[in-house]
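The values are calculated or read from the model by the stated rules, or taken from the named source; none is laboratory data. All values derive from a computational prediction rather than experimental measurement. As a convention, Cβ positions derive from the backbone with ideal geometry for all residues, glycine included, and neighbour counts pool all protein chains shown.
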Protein chains: 2
Amino acid sequence: MKLAKDLVAASTVPLVLAILADGESYGYAIIQRVRELSGGEMEWTDGMLYPVLHWLEENGHVKARWGTAENGRKRRYYSLKPGGRRHLEELRAQWLTVHTTLRRVWRLQHEGT
Amino acid sequence: MKLAKDLVAASTVPLVLAILADGESYGYAIIQRVRELSGGEMEWTDGMLYPVLHWLEENGHVKARWGTAENGRKRRYYSLKPGGRRHLEELRAQWLTVHTTLRRVWRLQHEGT
DNA sequence: TTTACATACATAGCAATGCTATGTATAAAG
DNA sequence: CTTTATACATAGCATTGCTATGTATGTAAA
């Protein structure tokens, strides 16, 4: 399923933060995690993720460190800062507000009266 | 609660279509309906809604007619066309895909293991 | 040892567009 | 006669998402 641009934009930051809330991670792994969590429905490109990661870092939501994988490969590991956790909760609340609203109208369609 | 731009953008069209799926309506009433459905959390401006309505009409999702309210006031009534209904279902499916994905990560945070 | 593929990160730059700001008009209320 | 709520419309630009592109290396296969 091809997802609308808008929807992808609205969910990118919440998803990244939520994944990091589960523990430190890095770009490539986050992309795979998203595919996994979505059952293959969401396919992110690295080109769209890295700018988001940089933005999150600049805005104090996450911190980053260079690390080395078991195989010697360089990686940039990201983890949540307290501000990021707060931001995540805020975004979650916003998402749920909208979701609840949508559910209310949908219910009118699928049920009687 | 102030909602993020992205999230507003992602939910506007689905919400409008869903409201129209419930029956013919017009700009001003749609704005009030959104406020009502969201329990006052979502406040749309007319300036952001009308362009969306025009876009939906141009793209064959809705049809519009000029009508007159009981009080003699001119109104532009919109109603769903079959293509709009299909589009609504498509957007709903997309929304649910993302929502399900988010719920899965959130669950990891709020529950154990 | 060369090719191919997966892994891994980075960013310039512009196409696309959301929506603010602004304008018009009228019914009802005070 | 003034204000408020109702009702619709759109120019135009500030904002920004993300494609396209570039770099680099580990591993497997050919």
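Can you name every residue in segment A:51-66 that is among the small types (Gly, Ala, Ser) and either within 14 Å of DNA strand D (Cβ to nearest atom) or surrounded by 14 or more Cβ atoms within 10 Å (Cβ to Cβ) (or both)? If you could, list the steps in order and put the result at the bottom.
Quick first cut of segment A:51-66, residues among the small types (Gly, Ala, Ser) only: A:60, A:64.
A:64 - this is the single residue of segment A:51-66 that is among the small types (Gly, Ala, Ser) and either within 14 Å of DNA strand D (Cβ to nearest atom) or surrounded by 14 or more Cβ atoms within 10 Å (Cβ to Cβ) (or both).
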- Message: Among the residues that make up segment A:36-50, is at least one of them more than 12 Å from DNA strand D (Cβ to nearest atom), more than 8 Å from chain B (Cβ to nearest Cβ) and either farther than 28 Å from residue B:111 by Cβ or assigned to a helix (DSSP H, G or I) (or both)?
- Response: yes
- So which residues in segment B:1-27 are within 12 Å of DNA strand C (Cβ to nearest atom) and either assigned to a loop (DSSP other than H, G, I, E, B) or loosely packed, with under 13 Cβ neighbours inside 10 Å (or both), if there are any at all? B:2, B:3, B:4, B:5
- Message: closer than 17 Å to residue B:4 by Cβ, modelled with pLDDT under 95 and more than 12 Å from chain B (Cβ to nearest Cβ): is that true of residue A:71 in this structure?
- Response: no
- For segment B:91-113 the number of residues that are facing chain A (nearest Cβ under 9 Å) and either among the charged types (D, E, K, R) or closer than 27 Å to residue A:80 by Cβ (or both) is 13
- Can you pull out the residues in segment B:55-84 that are part of a helix (DSSP H, G or I), within 13 Å of DNA strand C (Cβ to nearest atom) and under 15 Å from residue B:24 (Cα atoms)? B:56
- Please find, within segment A:73-89, the residue that is farthest from residue A:60 (Cα to Cα) out of those that are within 16 Å of DNA strand D (Cβ to nearest atom) and without any contact (Cβ under 8 Å) to a residue 24 or more places away in the chain. A:73
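Yes/no matrix, rows are residues, columns are (1) at positive phi; (2) among the aromatic types (Phe, Trp, Tyr):
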site: B:14; (1), (2): no, no
site: B:17; (1), (2): no, no
site: B:42; (1), (2): no, no
site: B:48; (1), (2): no, no
site: B:72; (1), (2): yes, no
site: B:77; (1), (2): no, yes
site: B:80; (1), (2): no, no
site: B:97; (1), (2): no, no
